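Here's the structure we're looking at; comments come further down.
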Amino acid sequence: MTLQAEHVHAWLSTHPDFFEQHPDLLSVLRLPHPESGSAVSLVERQILTLRERNRTLEGRLAELIQIARDNDALSEKVQNFAVHLMGQRTGDGVVGAILEGLREGFRVPHVAMRVWGTGIGRHDHPERLPVADEIHVFAAAMQAPLCGHHAVYEVHRWFGEDAPRLRSFALAPLGTPAFGLLVLASEDAERFYPDMGTVYLAQLAALAGAALESCATDQL
């Protein structure tokens with residue numbers, strides 16, 4: 001009977017104490033070194049394998065630690081954004097804090113916003129300029145922020161002369177039900193991409209919407 005590799009593998013898997021009972025084989029068996037090609041003992045090969053796994057785990061751990069640090073930094077920025085908004089007492093102050101907070105605190109180069117409905121600022125303020133009915137319907141139907149490489153409807157025109165240079169966008173509804181739309185944009189096509197996470201963006205939009213609602217009777 002000719003033993004196949006899978007038979008040997010299966011047998012050794014069910015007899016893990018085999019090499020404990022035959023330790024002399026560990027020094028006799030020779031395997032190719034994964035890098036140099038020279039032969040090494042089974043023990044040495046196992047050590048090399050464990051070292052490689054350890055390097056992989058260390059790399060993954062370092063990645064997780066960096067992700068945690070990045071999330072901590074983002075959480076602190078969101079908190080600072082919220083505190084800044086809470087310090088405003090007028091609609092003009094809230095709008096300014098939203099735009100400045102996103103541009104400066106989160107390094108978003110281009111930010112635009114539109115709000116509609118009664119009592120939220122003067123009608124001649126840029127954030128109160130009329131928008132198409134499709135925008136109202138679009139914002140009301142949004143369940144979460146949307147990111148991608150194209151702006152919907154007329155949104156790209158909100159950025160004026162900067163519009164032709166913009167390559168990625170993030171859109172988030174303001175309020176529930178929506179009474180506005182917050183749009184972040186960048187000249188970097190990879191800044192806001194379709195599959196990116198939007199948890200923090202949703203939090204920022206929720207904070208902005210709440211702050212706007214709190215001063216709905218104030219004048220911008």
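The values are calculated or read from the model by the stated rules, or taken from the named source; none is laboratory data. Keep in mind the model is a prediction, meaning the values are calculated, not measured. Glycine gets a Cβ as well: all are built from the backbone with ideal geometry, and neighbour counts include every protein chain shown.
Here are the numbers:
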item	result
Qualifying positions in the range 81-112 - assigned to a helix (DSSP H, G or I), closer than 22 Å to PHE192 by Cα and not aliphatic (A, V, I, L, M)	PHE81, GLU100, GLY101, ARG103, GLU104, GLY105
Residue match in the range 195-218 (condition: in the same structural domain as HIS125 (by TED's automatic domain parsing), farther than 29 Å from VAL83 by Cα and modelled with pLDDT under 95)	yes
Options PHE106, PHE179, PHE169; residue that is aromatic (Phe, Trp, Tyr) and modelled with pLDDT of 95 or more	PHE169
Residue within the range 80-97 that is among the charged types (D, E, K, R) and touching a residue at least 60 places away in the same chain (Cβ under 8 Å) present	yes
Residues within the range 91-105 that are buried (at least 17 other Cβ atoms within 10 Å of the Cβ) and closer than 18 Å to GLU187 by Cα, tallied	2
Pair list, Cβ < 8 Å and 6+ apart or interchain, from the range 44-67 residues that are of a type in the set (A, V, I, L, M, F, W, C) to residues that are at pLDDT below 80	LEU48/HIS33; LEU48/PRO34; LEU48/VAL40
Qualifying residue in the range 119-130 (condition: basic (Lys, Arg) and closer than 22 Å to ASP195 by Cα)	no
Condition met for ALA140 (buried (at least 18 other Cβ atoms within 10 Å of the Cβ) and assigned by TED's automatic domain parsing to the domain that holds VAL95)	no
